[in-house]
Amino acid sequence: MSNLKEIYLRLMNESRCIASRYEVPEFYRRFKPSLAISRRIFFYNPLVIHCRELITPKYADDYGHGLQHATKVSVDGGAIVLLEGEKYFTVQADLERAVVLVQLAGLLHDIKRTEHKHALAGSEAARDLLHDFPLSSAEINCVADAIANHEAFSEPKSCETLTGQLVADALYDADKFRWGPDNFTHTVWYMMSYQKIDITELFGRFPWGVDGILKIKDTFRTNIGGQYGPEFIDLGVRIGKEIYQHIQRNIDALINEMEKT
Ligand SMILES: [Fe+2]
Ligand SMILES: [Fe+2]
């Protein structure tokens, strides 16, 4: 007999099949070189490697905001810093250091995702964890402040330094890119399963959820995010609508199956 988790995992796989027929967001097509540099830093920088090793056991992927989510936020955030930072940094090493900081923030930003006020709780946890890292107190503040400021629909505090502002804004935008296709191919299914939401309730929430997602389009904070972020969201909504129709076609069978669990 299938259980709720299995049903949602199956719906997630079906959603991935649907999403695979859609185009790749322009951000990934246009900025391949910056994404490649960001990925290289993510997988080879000793601080980022150390951080990833420390947090891997702490992350529970079953809430949809685990290591896979954190990795995407880190790599995309690093690319945004590289693209935006070209204007501010004259020394390449300083720019790459800012990439390391946003990647540390990306890895740690949802470490307390299941807690109330998770951004503030995550910021404090990041401070504790980074205390033993070879980072200056200004760099630790930069990472912790970025995490504290990453929540949607809340007024961000401005950061003390240009690097801090860039890192915070890039973290926010890379995290909100995940409200696009990733939401429907990953996050929503893990969250529904974790919260034990039944299919009727999910089906009722779906149209509202899609409309709510659209509101994030006006909140991107970097130029790159403002330019390329809305496409992620529109793409996610198109995919979400097709998934909704797919569930609609199968709703009776799904309700029957869930009643047996
Ligand atoms: Fe978060
Ligand atoms: Fe996140």
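Rule-based calculations on the coordinates, nothing more; no lab input. All values derive from a computational prediction rather than experimental measurement. Cβ atoms come from the backbone with ideal geometry, glycine included; neighbour counts cover every protein chain shown.
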*Across every pair of different alpha-carbon atoms, what Kirkwood hydrodynamic radius in Å does segment 108-206 reach?*
15.0
*Quote the FRET efficiency, to the nearest 0.05, computed for S136 versus Y194 with a Förster distance R0 of 45 Å and r equal to the Cβ-Cβ distance.*
0.75
*F27: net charge of surrounding residues, Cβ under 11 Å, Lys/Arg +1, Asp/Glu -1, itself excluded?*
-1
*Which three extents, in whole angstrom, do the alpha-carbon atoms of segment 4-259 cover along their principal axes, largest first?*
60, 35, 33
_Alpha-carbon gyration tensor eigenvalues x 5, square-rooted, for segment 125-261, Å_ = 36, 19, 10
*Among I140, I147, rank each residue by its count of other Cβ atoms within 10 Å, from fewest to most, as a rough exposure measure.*
I140, I147
*Kindly rank 99-109, 234-244, 67-77 from highest to lowest mean number of other beta carbons found within 10 Å of each residue.*
99-109, 67-77, 234-244
*If you take the beta carbon distance between F153 and H116 as r and set R0 to 25 Å, what does 1/(1 + (r/R0)^6) give as a FRET efficiency, to the nearest 0.05?*
0.95
*asked:* Tell me the mean residue ellipticity at 222 nm calculated for the chain from its helices only (DSSP H runs of n ≥ 4, each -39500 (n - 2.57), averaged over every residue, nearest 500).
replied: -22500 deg cm²/dmol
*asked:* Once R0 is set to 51 Å, what does the formula 1/(1 + (r/R0)^6) return for the Cβ-Cβ distance between K241 and K87, expressed as a FRET efficiency to the nearest 0.05?
replied: 0.85
*Net lengthening on full extension, A253/E6 (0.36 nm per residue, minus Cα-Cα)*: 87.5 nm
_Over the Cα atoms, compute the radius of gyration (one decimal) and Dmax (the largest Cα-Cα distance, rounded to a whole number) for segment 74-144, in Å._
12.9, 40
